[in-house]
Structure formats: structure tokens, C-alpha cells
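**Student:** Below are the C-alpha cells for one structure; questions will follow.
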Amino acid sequence: MTLIFNDIALSKDLKAKTIKCFFILHICLFYSASSFADNSKLNLLSLPAGFEISIFAENISTPRQITEGSEYIFTASGSKGQIYALSDSNSDFVIDNNRIIANDLFDSRGVTYKDGDLYFAEVDKIWVIRDVENWLNANKEGMPEKELITDNLPSNPWHGWKWIKFGPDNKLYVPVGAPCNVCLEELEDDSRFASIMRLNEGNWEHVARGVRNSIGFDWHPVTQELYFADNGRDWLGDDSPSCELNVVKEDDSFYGFPFMHATDVVDPQYGDTSKEFIPPVLELGAHVAPTGVAFYSNDYFPEEYQNTLFITLHGSWNRISHPSGYTVVAVSTDEQGNVTGYKDFITGFLQGKKSWGRPSAPFMMSDGSLLVSDDKYDVIYRVTYKSES
């Protein structure tokens with residue numbers, strides 16, 4: 001933009017005011033264009049017929065796991081070490097207020113809400129804010145007190161991200177990833193590594209072992225069995241081993257790591273084919289990086305999505321031939337828990353070999369819509385279904 005002034009006709013004052021006006025106009029146009037460009041990213045996303053996607057919340061730094069209270073939505077920011085409380089004051093399905101209610105946390109990724117209390121996890125600790133929504137409604141600024149639930153977790157940050165959730169037994173379930181790409185001695189020294197555990201009256205119980213890095217689990221709506229995703233090891237090539245979807249039939253079952261990977265990949269360093277392990281119920285693909293799962297049990301989506309497990313595939317970081325993942329997939333199951341189908345549900349985050357977004361965690365809302373966080377684009381999407389009738 002070029003401005004030409006007549007030095008005789010315009011005083012210095014007027015010239016200054018004119019320049020200021022043009023500067024403000026330029027800024028407004030820039031931000032309007034940016035906002036339009038941001039929303040236009042949604043046009044790159046593809047969903048099955050009848051489904052629509054919108055931006056539910058934005059300007060949230062690296063959102064991960066999501067949970068719902070009676071009035072607020074909560075999410076965790078890992079990179080900032082913060083927990084957000086989100087509200088939609090005018091009920092237009094767009095968040096208009098986000099508030100930080102905990103900060104200075106050690107790579108916080110997991111949140112879950114139960115009976116009025118908000119639980120959230122760092123790498124090595126789990127906290128709770130009691131009666132969180134009443135506190136938010138009574139206090140328009142400041143931060144609530146948090147209460148320590150446990151600090152009995154490893155502090156190693158490698159695969160230390162947490163996904164936390166209460167099970168049908170009302171106990172809190174927590175994964176602890178392996179502190180390595182592949183290793184054995186560390187797991188023998190500390191049995192908490194490479195596992196999924198539950199907290200029972202202050203003590204940890206093993207639910208699953210031999211789990212390299214699970215960042216997502218949920219319970220089947222009918223069978224009540226635990227399904228969990230697991231991230232496969234690196235540096236065995238672009239196409240091996242696959243990341244996994246597993247199911248827990250019995251507590252303390254063993255799922256192969258570090259001896260076996262996916263269904264039948266023997267580890268070149270620690271491989272031991274004599275070890276009995278539970279194979280995955282589904283191979284998700286190599287290096288796709290599953291970072292969140294959520295079963296669908298509401299009747300808002302079409303009937304075919306009943307008992308469907310949505311999985312966010314965060315995407316590969318070291319696959320040379322072509323990136324993999326960067327999608328939300330739908331895994332169909334029947335009432336007995338058997339996997340009956342596997343298909344893409346949201347695609348378009350990857351354009352060519354470059355991604356503009358990374359889906360990080362799904363969450364089924366009480367109204368039947370599906371939320372999906374994106375920790376690269378710093379937004380949360382809302383997926384709805386528009387009935388043809």
C-alpha cells in the first residue's frame with residue numbers, strides 16, 4: 001500500500017492521523033484475512049457424507065485429552081504445562097471463554113472429570129481440583145487449589161505422556177510408557193514402565209504389561225472391556241512394525257514389548273519367540289502414532305457408528321518414503337467386542353508430504369457430537385451429523 005501526501009495541503013498533525021488510520025485499517029484487514037484463512041483450513045478436511053466439522057475452540061496451545069463437566073469443557077496443554085477450562089456462554093457451540101486453571105506442570109496431557117472433580121496428570125504426578133465448576137462460577141480470576149493424588153510415578157519424560165480415565169469400576173487408569181525406543185533392563189528395574197495401571201486405594205495394580213507407549217484407552221460400551229492403542233517402535237523401516245489396537249480380557253496380561261511387536265514382528269535385539277503374549281485385535285499401520293481413543297455410544301450419529309471406536313492418528317515423524325497417519329479413523333465393533341471394520345473418518349490434515357494439523361485426541365460429548373483436539377493447529381473441532389430427514 002502506497003500513500004501520497006500533498007505537503008502543502010496537509011498539516012503534520014493531519015498526516016500523522018491519516019497514517020495512523022491507514023495503519024489500523026491495514027492491521028484489521030490482515031487479521032480478517034488471517035481469520036478467513038484459518039477457517040478455510042476446514043475445507044481441506046474430508047468426512048463421510050452427512051457429517052460436518054467446525055472449530056469449537058481456538059487459541060489453545062497444544063490441546064490434548066478432553067473431558068466434559070456439567071457446565072465446562074476441560075483440556076490439557078502439554079507444551080505449556082497448563083489446564084484449560086472452556087465455556088460457551090451463549091450456547092452457539094463455539095467456545096467464547098478459555099481460562100487457565102493450573103499451570104507450571106510437567107508435560108501435562110491427561111484430564112478427566114468425575115463427580116464434580118477435575119483430575120489431571122503430569123509425567124510423574126496426578127492432581128485433582130475438587131468441586132471445580134462451583135469454584136469457577138464463584139471466582140472470576142485466580143487459580144483454584146489443587147490436591148495431590150499421587151506422585152508415585154516415574155519422572156522419565158520419554159513416553160511419559162499420560163492419558164487418564166476412570167473405568168467402570170470407578171478406579172483411575174493410567175499408562176506409563178517405556179523410557180526408550182526399545183529396552184529391557186529399565187523395565188526389569190521398574191515394573192511400572194511399559195504398562196497400564198489402575199490406582200486402587202493409593203496402590204498401583206497392573207492391568208496390562210508389555211505395552212510400549214499407550215496414549216489412549218476406553219471401555220467398550222457393551223462388554224465393558226478395556227481397549228487401548230499402542231505406539232510401535234521406531235527404526236525397523238518405514239513399514240514395520242505396526243501400531244496396535246489391543247483389548248484386555250484379563251488383568252495383568254502381557255502384550256509383547258520389547259520381545260515382539262504388532263502381530264508377528266520379532267525384535268532384532270530382544271526378540272524371544274518363546275514369550276507368550278496377547279496379539280493386537282487390529283494393526284493400525286506403521287508409525288501412525290495413535291494418541292487418543294473414544295468409543296461412540298450415543299444415538300446422534302447413524303446407527304452404524306454405535307460401538308465404533310474413534311482413534312486419532314497423530315502422524316509419523318520419521319517415515320522417509322511418505323508420512324503416515326494424520327487422520328481420525330473409525331474402528332467398528334459388534335456387541336461382543338469383535339472388530340468388524342476399519343476406515344478413515346477425517347482426512348486432509350496431510351497435504352502431500354506436509355501437514356497443517358495433527359489430530360491428537362477424540363472425545364464423545366454428552367450431546368452426541370464428537371470433539372477432536374489438534375495440537376499443531378491449536379484448536380478443538382466439533383463433528384456433528386446432519387440428518388437427511
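**Student:** Choose one of Gly352, Gln306, Thr327: the residue whose Cα lies farthest towards the positive end of the charge dipole of the stretch 297-389 (beta-carbon charges +1 Lys, Arg; -1 Asp, Glu; about the Cα centre).
**Tutor:** Of the candidates, Gly352 comes out farthest on the positive side.
**Student:** Once amide H atoms are placed 1.01 Å from N in the peptide plane, what residues at a sequence separation of 5 or more from Ala102, or on another chain, have their amide H within under 5 Å of its amide H?
**Tutor:** The answer is Ile83.
**Student:** Tell me, what HN-Hα J-couplings in whole Hz come from the Karplus equation 6.51 cos²θ - 1.76 cosθ + 1.60 at θ = phi - 60° for each residue of the stretch 212-224, using x for Gly and Pro?
**Tutor:** 4, 6, 8, 10, x, 8, 7, 9, 4, x, 9, 7, 6
**Student:** Under the rule of -39500 (n - 2.57) per DSSP H run of 4 or more residues, summed and divided by the residues of the chain, what mean residue ellipticity at 222 nm is obtained, to the nearest 500 deg cm²/dmol?
**Tutor:** After summing the helix terms and dividing by the residues of the chain, the value is -3500 deg cm²/dmol.
**Student:** Just how large is the dipole of the stretch 51-385 about the Cα centre, in debye to the nearest 20, putting +1 at every Lys and Arg Cβ and -1 at every Asp and Glu Cβ?
**Tutor:** 800
**Student:** May I pose another question? Given Lys125/Lys165; Lys165/Lys343; Lys125/Lys376, which pairs have Cα atoms separated by over 20 Å?
**Tutor:** Lys165/Lys343; Lys125/Lys376
**Student:** Okay, next question. Helix 12-40 against the longest principal axis of the chain: what's the angle in degrees, Cα atoms only, rounded to the nearest 10?
**Tutor:** 30
**Student:** If you rank Glu141, Glu71 by fewest surrounding Cβ atoms within 10 Å, what's the result?
**Tutor:** Listing Glu141, Glu71 from fewest to most nearby Cβ atoms yields Glu141, Glu71.
**Student:** Between Gly315 and residues 5 or more places away or on another chain, which pairs have amide H atoms under 5 Å apart, with H built 1.01 Å from N, and which residues are they?
**Tutor:** Residues meeting the criterion, in which the H sits 1.01 Å from N, are Ala289, Tyr326.
**Student:** Which GluC sites (Glu not before Pro) from the stretch 235-342 combine a DSSP loop assignment with at most 14 other Cβ atoms within 10 Å?
**Tutor:** Sites meeting the loop and neighbour criteria: Glu250, Glu276, Glu335.
**Student:** For Asp131, enumerate residues with amide H under 5 Å from its amide H, sequence gap 5+ or separate chain, H modeled in the peptide plane.
**Tutor:** For Asp131, whose amide H was placed from the backbone, the distant partners under 5 Å are Asp117, Leu118.
**Student:** Shifting gears a bit: Can you run phi through the Karplus equation (6.51, -1.76, 1.60; θ = phi - 60°) for the stretch 187-203 and list ³J(HN,Hα) in whole Hz, with x for Gly and Pro?
**Tutor:** So the J values, rounded to whole Hz, are 6, 6, 6, 9, 5, 6, 5, 6, 8, 10, 10, 10, 8, 10, 6, x, 10.
**Student:** OK, next. List the aspartates and glutamates whose Cα sits under 17 Å from the Cα of Lys353, skipping any in the same chain fewer than 8 residues away.
**Tutor:** Within the straight-line limit of under 17 Å, Lys353 reaches these aspartates and glutamates: Asp238, Asp239.
**Student:** Next up: Using the Karplus curve 6.51 cos²θ - 1.76 cosθ + 1.60 with θ = phi - 60°, what ³J(HN,Hα) values do you get for each residue of the stretch 364-370, in whole Hz, with x for Gly and Pro?
**Tutor:** Listing the rounded values in order: 8, 7, 5, 7, x, 6, 10 Hz.
**Student:** Which of the aspartates and glutamates could a cross-linker bridge to Lys386, judged by Cα under 18 Å and excluding same-chain residues fewer than eight apart?
**Tutor:** Cross-link targets: Glu52, Asp92, Asp299, Glu303, Glu304, Asp367.
Throughout, read-outs are computed from the coordinates displayed, never taken from laboratory work. A quick note: this is a predicted structure, and the numbers were derived from the prediction, not measured. Cβ atoms come from the backbone with ideal geometry, glycine included; neighbour counts cover every protein chain shown.
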